[in-house]
Every structure is written in C-alpha cells, then in structure tokens.
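Student: Here it is: the structure, laid out below.
The values are calculated or read from the model by the stated rules, or taken from the named source; none is laboratory data. Keep in mind it's a predicted model, so treat the numbers as computed, not measured. No Cβ is skipped: glycine too gets one built from the backbone with ideal geometry, and neighbour counts run over all protein chains shown.
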C-alpha cells in the first residue's frame, strides 16, 4: 500500500509526523499497537488512514461527544464516510447511522465506551465487518493511571470476545506502568508500543507560587497582555470558573466560564465563540479541552493545582499547537491540595457498605443480574465506586459478566402497525403482533417489559432483541431503553469465598488506591515547589530522560528562578470553634439515616455527596460544605471525637 500517497490525497499532508508511520504500518498489517504521543501530536491519523485503506468500518471508542463531533465533521469535509452515535442525535439521525453501518457505507464509526455494554449494539457489531478497533484515552484501562474507568477494562474483554482486531490504543498520558497495563490488556506486543517525546520546545513552562488571595490579581495582570491570548484557564470547581470569568470580564477581558454544570447549548455556544475568537479566554474545569482543535492557544494557565501530573501534561498540551511560543503557567498554592485530597478520601466507601455489596454479588445465585443504580442506592456507594468494586470481584476471578440488557423499552411507532405487519410472512407477522400485544400502550409509547414479554410469548429474549433491532434499522420504530441491568455468573470458587474476607480484601484495595492518589497529589506539590529545570522534572515522570543538561526554554532555564526549592503559600487552617463542635454534635444527634457513620457526616461537612445524601436533599442544609477548606482527615477526627461524646 502506498501510505504516503493516501496521506497526501485524502488528508492533505506532505509527510508523517514522528511515530505515525510505524503505528499505521502495524495496523494495515493486522497487528495491534499502542500510540503514546503527546497532546496534539497527531494520534487520530494513526487510525483514520488505516480505516480508509482497510475493508470494513473502523470502530473508534471516544469519551466525549465534542471530540466525536469535531472528528466526524473534519473527516466528512475530506469526503471520508464517518459517523458518530451519541445522545445528541435525533431518532432519524440514529437510524441513518445504523443503516449506513449495516450497508457497509461507513469507514469510521465513533461511539462512547458505554455503548459496547448494550446488547443491541453488540448484536449489530457482530453482523458487520470491523476493520480495526481504536480506543482513545486508553490509559483509563489501568488502575495505575490517573483516571481508571472500569468500563474501559471491559473493552479488552469485548475486543477478545468479538475478535475485534487489530486494536489501536491511544493516549497522551501514560507512565511506564500504565503503558504496560494497556499492552497487557489488549495483547499488544512490546515492539508495537510506539512512543514519541513529550517535549515541546515552544512551550514556556512557568510555576508561580501564589497565595490564594493574590491569584486573581496575578491572573488578571498576566492575561492583560495580548501575547498570551487566546488563553485557557483551568480551575477545580464550577463555582470558581464562574467567579474568575466574571472577574476577568469586569476587568475588560473577553472571558467566559465553561463547566459541566452548564447546559449543553451554553457549553457549545461558549466553545464556538472561543474557536472563532469572539471569546479570548475560557475559564474551565477539566470538562473543557479534549478534542479542541484550536492551534493558536497562546497560554494555558492553571489557576488551581491540577489533580495529577498526567492531567497537567494533557492540559498544557493544548497550548501552541501551531508551533509558536506559548505560556504554560501554574499558580501554585498549597490550599488547592485540600479539596483534591478530600475528593479522593470521600470516595472511599464504608467497610460495612462494601461487605453488603460483596454479599449481594456473591449470594444472588449461580447466575443473576443486578442494577448498578439500585446497588448504589441500597449501599450508599457512589455508582463509579460500585462499578469499581464489581470490577475488583471480576479481577479476583469470582464473577464473570454474561450480558448487559435493559429491563424495558419504550417503543415509538414511525409507521402504522398494519404497515409494519402486512408485508411480512405469516410466522413473522404473528410473532410481532404477539410482541406488540405483550406491551402496555400509552398515548405516545408502547412499553415492553422484556423479560415478561419473553415469558409470555415463550420465546428467547434474544429473538425479541433481534426483532426490535431489525424494526429500528428499517425505520419502523424508535426505542428508549430503560433500567440497565448487568448479568453475571459466579465462578466455581466463589461459593467457597467468605464475603467478609472478600470485603476485607476490597477495603485493602481501596486503601491502596487512596495511597496511590495521595502520592500523586504529593508529586504535584513536589513538582510545583522544586527548583531546577521544569521540563526535565516533567519528562522524568513519564520515563523520558532529557538528553542535554536542561531544556533551555522553561522559566527556570531562562531566569534561574527559583534558585532553591520554595514553600508554597498556604492559608492557615482555622481551629474548630465551640460553635463548630456544637453544630457537629447536633447533626449527629439528629440520627439521620444518610449520616449513620462518622465518615458520612464528614462527607457532608466537606461538601462531598453520596447517593443517600442526595436523595435526602441534605446538600441543601447549611452544614453542607461548611468545612470544605479543611482536610478530610482533620474533619473526620473532629467528628469522631463528637461522636464518642454523644455515646
């Protein structure tokens, strides 16, 4: 295959960037690969070009709708048949995508990782030719990574079960441990791990120790210079994004906030304004940035500490993609570490809740199904943590996932039932008529309880799923599935495993996760307070030695500052007052079911939610987030002392 000719004719590039050709040649030869390239280094081309050349449809797993939309639009503009499936599509648009997939018209299809949990989607995938599987943000497969997501771990199993090969894993933020996990999970040979340098000589890295009450003034002064605009300012909280954007706007700068609490319409409008330079400054949580293809961002400023060095590397990578000099500044304040560590500690579930969850999973029969939402409500464990507990049980070999399905589906008819049934043969007509008759009719939807319908018709559930998929693909109906459930089968040794022992093992795993996450935060603080070449410190974290003595382009290399390690500014933590302890004691004495343990009370006081707390609307109480600026362990110690005094 003439790769260079395809690159020029279909993508308009004269040559490959570093690492791209090696990855592409592996894929077209049918071999899986890991592309570990920094942000903006051209990872997308590594699967887009093979997708054009190979027979079938490339299935691309991508975590963000905005990223999918941008990629699909760019491919279509080049005459390459691409589509995406996400919640923003209308029913008609979804049907068009499925029809194009079925007819073999698509070269690339973008979906979210959760899409591969749906039985209907997997049924469609089994019936089409998949040329390759590309997985963006592949570091999420690794527990050693900064953003472990259990659904990513299942991607490896789906790829194996459906024989989806070759696999391309892509990430911009993987340490050597994480890279090894990715290769192991997807069966990638060591020689197919292609990594390019994280160093970018046009980025001027700078760390400015800054007290909390000085940050706004420093930020405003910095952004007053047109040389550092357009700019992205990263913050931790949605509220901070709003406040900082408002302050900058009052100072005469064209700034807007961007965060997950905004409506999709407002986020889209903000992003579009930034892309066309109607807005010069975006003040955002980490919800902003992935997949943003704006080459002339002149600065990325961290108003708050990033969660990890991986986050920092990814976020500064959005600056200066046009190769021009760009500022990457961190306003470093030790205060920012408190809420970051509180998030980590607040996610750790109660031992009793973990044991209840383990007992439920190991005591529901040899084959069973559960609703993760229901489990979260029953145990008061956040859904992502429930998912993690179940994943640990799978990794321990106690559970094997069997299927993912919905309890019910709402059917909307796009054609009359008579028009649907009349062209069919007698057998299919009778089956579908009986299926429609098994549902509950409403003014707009026909609701089918799928297990009940299967029993009533005496038919396997798989036949019903296939029939509904066929009706959807032919444009006869649309579906709104509800009540996601996951099926599992116990392994042979699960019956001998004591749930209490299993729960204790889980507690140890969560303790290890706490320790790892706390260590990552310590690494950020050490990185921000150290002296010496900033680029050298960052590259070293990712296992990349700097050949020369220093980089020559970070702030330290240019100025020699700071000449010695610094102590980051920190606001003294106020002691608990008598009024504070009285308030905590009163809260304990209310004996609210959602606050049945010291840790639960501590979550409330630190502004951290739980399923039962949200259900009881406790986030509206004045005590919620009262001590959000105090370390979780400090608040917990005070709560435990008050708890002991109440008897």
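Student: For the range 536-554, name all the residues that are touching a residue at least 24 places away in the same chain (Cβ under 8 Å), under 32 Å from the mean Cα position of the chain (by Cα) and within 18 Å of residue 208 (Cβ to Cβ).
Tutor: Answer for the range 536-554, where residues must be touching a residue at least 24 places away in the same chain (Cβ under 8 Å), under 32 Å from the mean Cα position of the chain (by Cα) and within 18 Å of residue 208 (Cβ to Cβ): 538, 554.
Student: Are any residues in the range 536-554 touching a helix residue (DSSP H, G or I) at 6+ places or on another chain (Cβ under 8 Å) and surrounded by 15 or more Cβ atoms within 10 Å (Cβ to Cβ), and if so, which ones?
Tutor: Scanning the range 536-554 gives 537, 538, 541, 542, 546, 551, 553, 554.
Student: Within the set of pairs 6 or more residues apart or between chains, which connect a residue that is free of Cβ contacts under 8 Å to residues at least 40 places away in the same chain inside the range 201-220 to a residue that is assigned to a helix (DSSP H, G or I) and crowded, with 16+ Cβ neighbours inside 10 Å with Cβ atoms less than 8 Å apart?
Tutor: Final answer for the pair search is 216/244; 216/247; 220/247; 220/248.
Student: Do we find that residue 96 is surrounded by fewer than 21 Cβ atoms within 10 Å (Cβ to Cβ), touching a helix residue (DSSP H, G or I) at 6+ places or on another chain (Cβ under 6 Å), more than 24 Å from residue 297 (Cα to Cα) and modelled with pLDDT under 95 in this structure?
Tutor: The answer is no for residue 96.
Student: Against the definition (at pLDDT 85 or above, within 23 Å of residue 400 (Cβ to Cβ) and surrounded by fewer than 17 Cβ atoms within 10 Å (Cβ to Cβ)), how does residue 516 come out, yes or no?
Tutor: Details: at pLDDT 85 or above: yes; within 23 Å of residue 400 (Cβ to Cβ): no; surrounded by fewer than 17 Cβ atoms within 10 Å (Cβ to Cβ): yes.
It is false that residue 516 is at pLDDT 85 or above, within 23 Å of residue 400 (Cβ to Cβ) and surrounded by fewer than 17 Cβ atoms within 10 Å (Cβ to Cβ).
Student: Can you spot a residue in the range 232-255 that is at pLDDT 95 or above, closer than 17 Å to residue 306 by Cβ, in a helix (DSSP H, G or I) and over 28 Å from the mean Cα position of the chain (by Cα)?
Tutor: no
Student: Still on this structure: Mind checking which helices (runs of 4 or more DSSP H) fall wholly inside the range 310-428 and carry at least 1 residues that are touching a residue at least 24 places away in the same chain (Cβ under 8 Å) and touching a strand residue (DSSP E or B) at 6+ places or on another chain (Cβ under 9 Å)? Let's see the steps before the verdict.
Tutor: On the way: elements: 337-346, 351-362, 372-379, 383-395, 417-421.
By residue number, 351-362, 372-379, 383-395, 417-421.
Student: To continue, here is another question. Quick one: is residue 573 touching a residue at least 40 places away in the same chain (Cβ under 8 Å), surrounded by 13 or more Cβ atoms within 10 Å (Cβ to Cβ) and in a loop (DSSP other than H, G, I, E, B)? I'd like the intermediate steps shown before the answer.
Tutor: Working: touching a residue at least 40 places away in the same chain (Cβ under 8 Å): yes; surrounded by 13 or more Cβ atoms within 10 Å (Cβ to Cβ): yes; in a loop (DSSP other than H, G, I, E, B): yes.
Considered against the rule, which asks whether it is touching a residue at least 40 places away in the same chain (Cβ under 8 Å), surrounded by 13 or more Cβ atoms within 10 Å (Cβ to Cβ) and in a loop (DSSP other than H, G, I, E, B), residue 573 comes out as yes.
Student: On to the next question. Among the residues of the range 356-371, which ones are buried (at least 16 other Cβ atoms within 10 Å of the Cβ) and more than 10 Å from residue 486 (Cβ to Cβ)?
Tutor: Those that are buried (at least 16 other Cβ atoms within 10 Å of the Cβ) and more than 10 Å from residue 486 (Cβ to Cβ): 356, 357, 358, 360, 361, 362.
Student: Filtering the range 203-226 down to residues that are in contact with a strand residue (DSSP E or B) (Cβ under 8 Å, 6 or more places away or on another chain) and in a helix (DSSP H, G or I), which residue is farthest from residue 320 (Cα to Cα)? Even if it seems obvious, please write down each step before you answer.
Tutor: Start the filter on the range 203-226 by keeping residues that are in contact with a strand residue (DSSP E or B) (Cβ under 8 Å, 6 or more places away or on another chain), which leaves 203-210, 215, 218-219, 222-223.
Then keep just the ones that are in a helix (DSSP H, G or I); that gives 215, 218-219, 222-223.
Working: 215: 24, 218: 22, 219: 19, 222: 17, 223: 16 Å.
Looking at residues that are in contact with a strand residue (DSSP E or B) (Cβ under 8 Å, 6 or more places away or on another chain) and in a helix (DSSP H, G or I), I get 215.
Student: Further question: Looking at the range 579-638 only, could you name the residues that are surrounded by fewer than 18 Cβ atoms within 10 Å (Cβ to Cβ), free of Cβ contacts under 8 Å to residues at least 24 places away in the same chain and in a helix (DSSP H, G or I)?
Tutor: Selection gives 579, 582, 586, 593, 614, 619, 620, 637.
Student: Now, a different point. Looking at residue 165, is it assigned by TED's automatic domain parsing to the domain that holds residue 44, surrounded by fewer than 19 Cβ atoms within 10 Å (Cβ to Cβ) and in a helix (DSSP H, G or I)? Give the steps one after another, and end with the answer.
Tutor: Working: assigned by TED's automatic domain parsing to the domain that holds residue 44: yes; surrounded by fewer than 19 Cβ atoms within 10 Å (Cβ to Cβ): yes; in a helix (DSSP H, G or I): no.
The answer is no for residue 165.
Student: Any idea which of 478, 469 is over 30 Å from residue 193 (Cβ atoms), modelled with pLDDT under 85 and in contact with a helix residue (DSSP H, G or I) (Cβ under 7 Å, 6 or more places away or on another chain)? Before the answer, list the steps.
Tutor: Details: 478 fails: modelled with pLDDT under 85.
After ruling out the rest, the residue left standing is 469.
Student: Still on this model: Out of 109, 36, 27, 101, which single residue is buried (at least 20 other Cβ atoms within 10 Å of the Cβ) and within 27 Å of residue 260 (Cα to Cα)?
Tutor: 109
Student: Right, something else. Which of the residues belonging to the range 112-155 are at pLDDT 75 or above and either at positive phi or within 13 Å of the chain's Cα centre (by Cα) (or both)?
Tutor: Those that are at pLDDT 75 or above and either at positive phi or within 13 Å of the chain's Cα centre (by Cα) (or both): 112, 113, 114, 135, 136, 137, 138, 139, 140, 141, 152.
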